[in-house]
Amino acid sequence: MGEIDADTFADRRYRTIEEILKASLRVRGRGELTISDMLDRVFLNRVLGIPIFLILMWATFQFAFAVSEPFMVMLERAFGWLGGLFGEAETPLVSFWSDGICGGLGFVMVFIFPIMFLFLALAILEDSGYLPRAAFVMDRLMYRCGLHGRSFIPLLMGFGCNLPAIMATRTIGDERDRLITILVNPLISCSARLPVYVLIAGAFFGAHAGTAIFLMYVLGIVLAIMMALLFRRVIPGLKGRPSPFLMELPPYRRPTGRSILLHMWSRAVVFLRKAGTILLGGAIILWFMSSFPWGADLGSSYAGMLGHLIEPIVRPLGFDWMGAVALFFGFLAKEIVVETFGILYGVGGEDEIMAAVAGHMTPVTGLAFMVFTLIYLPCLATLGTVRAETGSWKWTGFMVLYQLLLAYTVAGIVVITGNLVMGV
Amino acid sequence: MIIKVALIGNPNVGKTAIFNALTGSRQHVGNWPGVTVEKKEGRCTHRGAEMEVVDLPGIYSLTASSIDERIARNYIIKERPDVVVDIVDASNIERNLYLTLLLLELEANLIVALNMMDIAASKGYEFDTEKLSLLLGVPVIPTVATTHFGIRELKDAIIEAASGKNKRRKVTIGYGEDLETEIRRIEEMIMEDPHLSGTYPPRWLAIKILERDEEVIGILERYQKKDVLEVVGWEK
């Protein structure tokens, strides 16, 4: 038999409703559109809806990147000055202060600004009532791709942090829908990955850095949708249609300054708390590993040994041992990737580190590195949450495995096509 | 005799307000068996008739995919309330009628409370309730729960419906010839099993099977209706 399913029935029911109402309901003053109706006609338009969503997201990243830049430079100079307080790093203690704390932790602190401004822009979109419309527009697309409409909210939350986003999947009633949403959620770029993009895109793509970052986010969404589709098709336990989803759209409102600032501030607090704990810990470990045995050059430090050990794995993608170390520790928290560069390149100051990045990578490997960072592994805390929410080591392990494979594949494609285009 | 009444409707349609208007202070809150979803019950007396009112969860649809929807539909199938009052937000009528059609399919003894008539009127909606009632085949009572407008009429309608004096023609929502052929085919297979067709409305089962409803497919597996499952390509 043909393609008869729940959708067909839903369609016919709405047709019946239309007929019933045509006969029993008269609307006075029909044709008078409210402003909200007019906005919805544009934002929810079948053709324009998704392009508008993409343009708004692109503008969001442009804004976050451009506005934060002067602030980043200022904070960086401040850390540069602090780091130089005790002169050249000749003793371990001075080196710890200037290379570990100011050069490592201080360097990653700078990225609080793009995060704050990104969430400022997202808060405006959310409070104005646009984001639920984006969810509605994406639902159409996602439903066709085998994701449940309610998945979009957790995916959207993933822009902030994948951990609460995965917990938010509890609102999805169907176990299969929920598992799929959990499995693909880490592909959504969380704010911890933003510093990596800002650093590398800034080093290679100049005025187009905002666009490059935006593309990482789009790539994340596209991969999430593709993988969801694949899992639905291929994994026996996950087959079936997603259940239909109805959502109510809140009215459009003028966002209040207070609520937007509050939103931005709460993100900043999350980041500061992370900086005071795991990023500080990461800085200490990395400083220690890169400075000891004391007096050895970087290549023969503990970090160097580790790096050379795992370098062969990522060598085909064009990453050197420092990139390997950065990715290794990035498993603890993605910001540590940037922190690692700060410490290993050991120069201090974003411009100099950007120059160092540009010296260690080509634009193609830089792009591949961004892609790899996007996909390769959820951070440790997220993985723990996945284990708790799925209650299964099997699915957790599966997630690690598929993401590593996918990261390697996509980054590989970037390297190959990039080199072809560049004529290398 | 106590009339068992179930209230059902989408979220945010004023269901709780209707519940309160019907039962006043005579209510208590418990849980649905086995789940932590709240179950509210209340009683009222009207024209000498005693009614027991159950507030079902606010839902948009009657699929098997969420706990709330399963509770609602299993209550209607298994407990067979004497009257089901579907509370409809008149100002969002299109979306709300979706659930109404599903309830008709479940062959519930239905009354539609067309609530929030004040808001609908402010949006310029003018209902021909008699016509609507005719098309749906069930009584339609306009209400404004917040001001208790129409509550007396609703209670009257409940008593009338419970007494079986509802003379309205039974309406079947048609799905078009292509789907109806399939529905009839499966319905006939279901009718062969008197116990199955006595427990569940056969047409509803047929539609749910075509919709690939997991719970219903489970029911057919229990009844070992292999022929039906084969029709929809369901193999174990």
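The values are calculated or read from the model by the stated rules, or taken from the named source; none is laboratory data. Here the structure is a predicted model, which is why all the values come from computation and not from measurement. All Cβ positions, even for glycine, are placed from backbone atoms using ideal geometry, and neighbour counts span all protein chains on display.
Counting the residues of the stretch B:185-229 that are more than 11 Å from chain A (Cβ to nearest Cβ) and among the charged types (D, E, K, R) gives 11.
Checked against (1) without any contact (Cβ under 8 Å) to a residue 24 or more places away in the chain; (2) closer than 30 Å to A:Met227 by Cα, A:Thr91 passes all but a single condition, namely (2).
Just so you know, in the stretch B:167-184 the residues that are away from chain A (no Cβ under 11 Å) and part of a loop (DSSP other than H, G, I, E, B) include one that is surrounded by the most Cβ atoms within 10 Å (Cβ to Cβ), and it is B:Arg168.
Can you name every residue in the stretch A:293-323 that is assigned to a helix (DSSP H, G or I) and touching a Pro at 6+ places or on another chain (Cβ under 9 Å)? Correct list: A:Ser300, A:Tyr302. Among the residues of the stretch B:106-138, those identified as within 20 Å of the chain's Cα centre (by Cα), under 24 Å from B:Phe19 (Cβ atoms) and more than 9 Å from chain A (Cβ to nearest Cβ) are B:Leu106, B:Glu107, B:Ala108, B:Asn109, B:Leu110, B:Ile111, B:Val112, B:Ala113, B:Leu114, B:Asn115, B:Met116, B:Val138.
Could you tell me whether A:Phe113 is within 18 Å of A:Ala268 (Cα to Cα), of a type in the set (Phe, Trp, Tyr), part of a helix (DSSP H, G or I) and in contact (Cβ under 8 Å) with a residue 40 or more places away in the chain? Against the criterion (within 18 Å of A:Ala268 (Cα to Cα), of a type in the set (Phe, Trp, Tyr), part of a helix (DSSP H, G or I) and in contact (Cβ under 8 Å) with a residue 40 or more places away in the chain), A:Phe113 qualifies.
Against the condition in the same structural domain as B:Arg80 (by TED's automatic domain parsing) and at pLDDT below 90, how does B:Thr172 come out, does it pass? Explain how you work it out, then say what you get.
Values: in the same structural domain as B:Arg80 (by TED's automatic domain parsing): no; at pLDDT below 90: yes.
Considered against the rule, which asks whether it is in the same structural domain as B:Arg80 (by TED's automatic domain parsing) and at pLDDT below 90, B:Thr172 comes out as no.
A count restricted to the stretch B:15-65 and to residues that are part of a loop (DSSP other than H, G, I, E, B) and either surrounded by 19 or more Cβ atoms within 10 Å (Cβ to Cβ) or modelled with pLDDT under 85 (or both) stands at 18.
Checking each residue in the stretch A:274-297 for being aromatic (Phe, Trp, Tyr), modelled with pLDDT of 80 or more and surrounded by fewer than 17 Cβ atoms within 10 Å (Cβ to Cβ) picks out only A:Phe288. Among the residues of the stretch A:249-285, write down those that are assigned to a loop (DSSP other than H, G, I, E, B) and among the basic types (Lys, Arg). Those that are assigned to a loop (DSSP other than H, G, I, E, B) and among the basic types (Lys, Arg): A:Arg253, A:Arg254.
Restricting attention to the stretch B:56-77, does a residue exist that is within 13 Å of chain A (Cβ to nearest Cβ) and on the phi > 0 side of the Ramachandran plot? No, there is no match, as no residue in the stretch B:56-77 is within 13 Å of chain A (Cβ to nearest Cβ) and on the phi > 0 side of the Ramachandran plot.
Considering only the stretch A:75-82, I want to know if a residue exists there that is part of a loop (DSSP other than H, G, I, E, B), farther than 28 Å from B:Tyr60 by Cα and more than 14 Å from chain B (Cβ to nearest Cβ). Looking through the stretch A:75-82, none of the residues is part of a loop (DSSP other than H, G, I, E, B), farther than 28 Å from B:Tyr60 by Cα and more than 14 Å from chain B (Cβ to nearest Cβ).
Of the numbered criteria (1) modelled with pLDDT under 80; (2) within 26 Å of the chain's Cα centre (by Cα); (3) of a type outside the set (A, V, I, L, M), the one A:Arg241 fails is (2). Scanning the stretch A:239-259 for any residue that is buried (at least 17 other Cβ atoms within 10 Å of the Cβ) and either of a type in the set (A, V, I, L, M) or without any contact (Cβ under 8 Å) to a residue 60 or more places away in the chain (or both) turns up nothing. For A:Leu344, indicate whether it is of a type in the set (A, V, I, L, M), within 17 Å of the chain's Cα centre (by Cα) and under 29 Å from A:Ala64 (Cβ atoms). Considered against the rule, which asks whether it is of a type in the set (A, V, I, L, M), within 17 Å of the chain's Cα centre (by Cα) and under 29 Å from A:Ala64 (Cβ atoms), A:Leu344 comes out as no. Determine which single condition B:Ile141 fails, assuming it passes every other condition in (1) out of contact with any helix residue (DSSP H, G or I) (no Cβ under 6 Å at 6 or more places or on another chain); (2) surrounded by 14 or more Cβ atoms within 10 Å (Cβ to Cβ); (3) closer than 23 Å to B:Ala21 by Cα. Unmet condition: (1). Those helices (runs of 4 or more DSSP H) of the stretch A:324-424 in which at least 3 residues are free of Cβ contacts under 8 Å to residues at least 40 places away in the same chain, considering only elements entirely within it, cover A:350-360, A:380-390, A:393-422. Name the single residue that is surrounded by the fewest Cβ atoms within 10 Å (Cβ to Cβ) among those in the stretch B:204-232 being charged (D, E, K, R) and under 21 Å from B:Ile173 (Cα atoms). Ranking the candidates gives B:Arg212 first.
May I ask you to verify whether B:Gly48 is over 13 Å from the mean Cα position of the chain (by Cα) and closer than 12 Å to B:Leu7 by Cβ?
It is false that B:Gly48 is over 13 Å from the mean Cα position of the chain (by Cα) and closer than 12 Å to B:Leu7 by Cβ.
Screening A:Phe107, A:Phe86 for residues that are of a type outside the set (D, E, K, R), more than 30 Å from B:Leu132 (Cα to Cα) and in contact (Cβ under 8 Å) with a residue 24 or more places away in the chain leaves exactly one candidate, A:Phe107.
Farther than 30 Å from A:Ser24 by Cβ, surrounded by fewer than 23 Cβ atoms within 10 Å (Cβ to Cβ), assigned by TED's automatic domain parsing to the domain that holds B:Glu153 and under 16 Å from the mean Cα position of the chain (by Cα): is that true of B:Ile93 in this structure? Here the answer is no, as B:Ile93 does not meet what is asked. Total residues in the stretch B:117-151 satisfying the condition of being on the phi > 0 side of the Ramachandran plot and of a type in the set (Gly, Ala, Ser): the figure is 3. Taking A:Ser36 as the residue in question, decide whether it is surrounded by 15 or more Cβ atoms within 10 Å (Cβ to Cβ), out of contact with any strand residue (DSSP E or B) (no Cβ under 6 Å at 6 or more places or on another chain) and in a helix (DSSP H, G or I). Criteria not met by A:Ser36.
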